[in-house]
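Below: one structure, written as structure tokens.
Coordinate-derived values only; no laboratory data. Quick caveat: nothing in here was measured; it's all calculated off a predicted structure. Cβ placement follows ideal geometry from the backbone for every residue including glycine, while neighbour counts extend to all protein chains displayed.
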Amino acid sequence: MSELDLNPQPKKDPRMLAIGLAVAAAVLLAFAAFSKDWVARPMSVGFGPMGCHDCNLLEFNKPGSMSNGAFVDMMRTMGEDGARHTSSAFAPAGWITFGLCLIAVLGLLGAAGLAFAKKRPDLPVAPSSAALLSIMVALISGCVFVATKPGGPGFVGVSNGFWAFGIGAVMAIAAAQMLAKINRPVDPDLLDGAMNPEQY
């Protein structure tokens with residue numbers, strides 16, 4: 001009788017596909033994290049998780065960047081109309097999304113590196129798990145960030161940074177799940193030596 005294989009390998013090794021997806025997702029998420037064009041107006045002001053560009057055009061009629069929190073404060077000094085079209089959740093949601101995107105990037109690259117090196121370490125938290133958990137929460141905070149954008153209807157619309165985030169998040173979820181299977185620690189053979197005839 002053939003020996004039972006507790007760690008079977010798939011007939012087709014998806015290792016390179018998973019690594020490619022992880023690297024591509026990491027690039028898109030890194031771009032999204034530092035982009036200032038998640039929501040924007042064409043050839044004008046744009047907002048991203050780390051802040052906005054050309055924000056001073058609205059009040060001082062000159063180009064310049066500032067944090068999202070500073071922009072919200074500036075809008076609220078313009079009176080009741082400015083306060084009505086701003087949300088206190090906008091800036092914090094941006095920073096949370098930024099941090100989670102970076103965790104996802106590090107997790108994806110770490111998992112891809114383990115897969116490339118064909119290592120299967122038994123870690124307290126696998127890089128692929130960290131990437132998957134962070135991107136799942138980032139999907140929520142990123143949507144909150146976009147939903148609470150300043151200004152009234154039509155002031156800004158979704159732009160390149162948001163699309164990069166969305167595509168990167170979908171790719172990251174697929175890559176993290178594939179890499180979790182590839183990098184899974186080797187299961188111990190609990191039956192090893194259990195039926196040794198020399199013991200009887």
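Given the Cα-Cα distance of Val125 and Thr77 and 0.36 nm per residue of separation, how much length would full extension add, in nm?
Length gained, Val125 through Thr77: 12.7 nm.
How high is the FRET efficiency between Met43 and Met16 when r is their beta carbon distance and R₀ equals 35 Å, given to the nearest 0.05? Could the numbers behind the result be given before it?
Details: r = 41 Å, r/R0 = 1.17.
The formula returns an efficiency of 0.30 here.
Compute the orientation-averaged projected area for segment 15-185 from the convex hull of its Cα atoms and round it to one decimal in nm².
Averaged projected area of segment 15-185's Cα convex hull equals 9.9 nm².
Among Trp38, Trp95, rank each residue by its count of other Cβ atoms within 10 Å, from fewest to most, as a rough exposure measure.
Result, fewest neighbours first: Trp95, Trp38.
Taking neighbour Cβ counts within 10 Å as the exposure measure, how do Lys12, Lys149 sort from fewest upward?
Lys12, Lys149
Where does each of Asp73, Asp13, Asp37 land when they are ranked from fewest to most other beta-carbon atoms within 10 angstrom? Let's see the in-between values first.
Working: Asp73 14, Asp13 10, Asp37 20.
Sorted ascending by nearby Cβ count, the order is Asp13, Asp73, Asp37.
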